[in-house]
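For reference, the structure is listed below as structure tokens.
The values are calculated or read from the model by the stated rules, or taken from the named source; none is laboratory data. Keep in mind that this is a model prediction, so the values were computed, not measured. Quick reminder, even Gly has a Cβ in these numbers, built from the backbone with ideal geometry, and neighbours come from all protein chains shown. We work out accessible area using only protein heavy atoms, side chains counted, and drop any ligands, DNA or RNA first. Shrake-Rupley method; radii C 1.70, N 1.55, O 1.52, S 1.80 Å.
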Amino acid sequence: MSDHQLRVSKIRSGTVIDHVPGGQALRVLAILGIDGTGGETVSVAMNVPSDDMGAKDIVKVEDRELSQAEVDVISLIAPEATINIVREFDVVEKNRVVRPEEVHGVLQCPNANCITTEAEPVESEFTVLREGVRCVYCDTLLREDIAQYIQ
Amino acid sequence: MRHDHLITATQLSRDDIEAVLDRAAEIADDPPEREAVLGLLFFEPSTRTKMSFDAAMKRLGGTTVDMGSVDSSSVKKGETLADTVRVVEGYADALVLRHPSEGAAEMASRFVDVPLVNAGDGAGQHPSQTLLDLYTIRENAGLDDLTVGIVGDLKYGRTVHSLASALTNFDARQHFISPESLQLPRSVRFDLHQEGAQVREHTDLDGILPELDVLYVTRIQRERFPDENEYRQVAGQYRITPETLDAAKDDLVVMHPLPRVDEISSDVDDLPQATYFEQAHNGVPVRMALLDMLLENAEDGAGGVSS
Ligand SMILES: [Zn+2]
């Protein structure tokens, strides 16, 4: 049994997000809209020693499988993350996140004067940069607080 | 220049810019015939830019239709911009849009098939102004081995954002002079950095003034400052007078996108360095060239091949 399995017990079904950079687990939860009030069963391990990453976080959410949009946004703060879908204690799918070139409709532009924040029939659209993202409409850069702008 | 729309100066290559400026230089003598209709959509008052586009289209032999002021239009009834441009597209062969929100032109261009020119989107971009600025610089100082100082409100000044980005195509050193609270926004710095531009920022004009070939002055607006005293102090610090220019090169080119308030004192107007009225007049030939090329491109595109 590996080290991290000792720290966070197995789940019956749901999603395990592994290889999150150390200290970023709470931001992953924010992306998933989990703040404890929804009643989900969630386990978090933070700053687990890791050979590849130095320290990593692991997030396990029971009875929930992530949407592609959620995975896209997680990739922005956790580019090395692996997403394991678990059903009846078995990992049925193991995916690395892929950083998309663009994210549509998942982030709100932090510029309150951006046309996408008005009642126009468009979704927000961001180009993914090496560091952070950029609004395709108003060019505003969003780096540190991506999780804060999840729609 | 093969673009469907003109939204931002960052989309323009050196070749694009030179093609428009070359066409502008010859267009007054031999204007092409463009019996097109230009739709003017100004969601913010800007008499000057609107008149300049209006004159340009008419001098090409075309005509214009004007949405009128926002107060009297359907916008007031809550129509979206996306709807407005889709309706007006049916009345015109090209559109010019001025709007208070950043990104408005980019969004609008996605809803129309006719060429759309961004005539200012909030604090974003104003690329046709940049083309006439570059035309003026080329005529008066040349676009090679150039040192440009841009002074004033660099944070909200859309003409500054467009000009800075376009200048990265040329051999130009750029100096940005402003109070700390009005420095270039992060997104513009990012673009300049990406382009490897030679950029320096200053809070003080005096130190850099003797090096400049071009001094581009912009207005610092009262409402950017919490109190009147601070505003007066800052505005005074960057005010250009004949005495200021004593320290500059004799052939310095002083520019301003106009309208000015008192950033440049009126006794500078008669000095040889004052180039801002010439700059304003250049708006017509440059916009004639721009509209001609966009319309020509749209015509070619209508044959089935689109760029
Ligand atoms: Zn935006």
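Once chain A is represented by equal point scatterers at the alpha-carbon sites, with solvent omitted, what log10 I(q)/I(0) does the Debye formula produce at q = 0.08 Å⁻¹? Normalising to I(0) and taking log10 leaves -0.24. Heavy-atom surface analysis with a 1.4 Å probe gives segment B:1-82 a carbon and sulfur content of 47 percent of its accessible area. Atom-type composition of the exposed protein surface of segment A:14-96 places 46 percent of the accessible area on carbon and sulfur (1.4 angstrom probe). To the nearest ten degrees, helix B:228-237 and the longest principal axis of the Cα atoms of chain B are 80 degrees apart.
Taking K and R as +1 and D and E as -1, what net charge do the other residues with C-beta under 14 Å from the C-beta of B:D15 add up to? Here the count lands on 0. Solvent-accessible surface of segment B:127-280, averaged per residue with a 1.4 angstrom probe and all protein chains in place: 43 square angstrom. Note down the relative contact order for segment A:14-96 as a percent, whole number, built from C-alpha pairs under 8 angstrom at least six residues apart. Across segment A:14-96, relative contact order equals 41 percent. Is segment B:1-100 best put as rounded, prolate or oblate by its Cα gyration tensor, with a ≥ b ≥ c the root eigenvalues, rounded for a/c under 1.5, and otherwise prolate when a/b is larger than b/c, oblate when not? Taking the square roots of the gyration eigenvalues as a ≥ b ≥ c, segment B:1-100 is prolate.
What does the buried accessible surface come to for A and B, summed over both chains, with the probe at 1.4 Å? Round to 100 Å².
Values: alone 8480 and 13850 Å², together 20770 Å².
Counting protein atoms only, the buried area is about 1600 Å².
How tilted is helix B:127-140 with respect to the longest principal axis of chain B? Cα atoms for both, answer in degrees (0 to 90, nearest 10). Rounded to the nearest ten degrees, it is 50.
Taking a ≥ b ≥ c as the square roots of the eigenvalues of the alpha carbon gyration tensor, the protein assembly as shown is prolate, as a/c is not under 1.5 and a/b beats b/c. In chain A, the longest principal axis of the Cα atoms and the axis of helix A:68-77 are about 90 degrees apart.
Relative to the compact globular guide of 2.2 N^0.38 Å, what is the alpha carbon radius of gyration of segment A:14-96, as a ratio?
Working: Rg = 11.8 Å, N = 83, 2.2 N^0.38 = 11.8 Å.
Ratio of Rg to 2.2 N^0.38 Å for segment A:14-96: 1.00.
Placing +1 on each Lys and Arg Cβ and -1 on each Asp and Glu Cβ, with no other charges, gives the protein assembly as shown a dipole about its Cα centre of roughly 1220 debye. Relative to one another, the C-alpha centroids of segment A:120-146 and segment B:98-131 are positioned 18 Å apart.
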